[in-house]
1. Work out from phi, with θ = phi - 60° and the Karplus expression 6.51 cos²θ - 1.76 cosθ + 1.60, the ³J(HN,Hα) of each residue of segment 27-35, listed in order in whole Hz, and give x for Gly and Pro.
2. How high is the relative contact order of segment 31-159, in percent, counting Cα pairs under 8 Å that sit 6 or more residues apart?
3. Roll a 1.4 Å probe over the protein heavy atoms and report the accessible area of residue 131 in Å², nearest 10.
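The values are calculated or read from the model by the stated rules, or taken from the named source; none is laboratory data. The structure presented is a predicted model; accordingly, all values stated were derived computationally and were not measured. With ligands, DNA and RNA removed, areas are computed over all heavy atoms of the protein, side chains included. Shrake-Rupley method; radii C 1.70, N 1.55, O 1.52, S 1.80 Å.
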Amino acid sequence: MASALVRSKIQATGQIAQEAATSIKIVMFQMGEFNLALHINSIVKVLPQTVVYGSGQHGVGLIHLSDREVTVVDLQRRLFQSSGNLDPAKRGYLMLVQDRQRELYAIPVAQVPTLMDVPLSCVRILPESYRNADIFGFATHVAVIPATEPPLTIFMLDVDQLLLVRNVEIV
């Protein structure tokens, strides 16, 4: 009986590992008419919108978070040169993300982001020529989910490239 239980747990663990190897977890959010996403490991938490300090001219700002200052990257403004999501009266959210150097960034979003499990078979690498020519230079992959009509297209972002837009670094 005990050995059957151990085998069952081992099989279940193997099944979970196999499922993990065939899909990735992402957090999807909308920006304009586009669906963007970050890998779940980059997300620290989602917060209610708060006051963002800065000129607003370059799509970056600053928030006070506990005992630290966090850079806010307004992708709406930086991508589309349109009024961004930095107004706390809009009742949006801030996605707190962390890059590989462990620096925190906040990304304003209008709605609560969606956690998704995406099959690896739906994920494609974006061509380097597209990345160099388009505003999505910080997107490395695209997920195409055929379950809807038209298929759901999600640009997957590289959190380490968030301050790079159109190959120009904002300093």
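1. Working through the residues one at a time gives 10, 9, 8, 9, 9, x, 9, 9, 9 Hz.
2. For segment 31-159, the relative contact order is 25 percent.
3. 40
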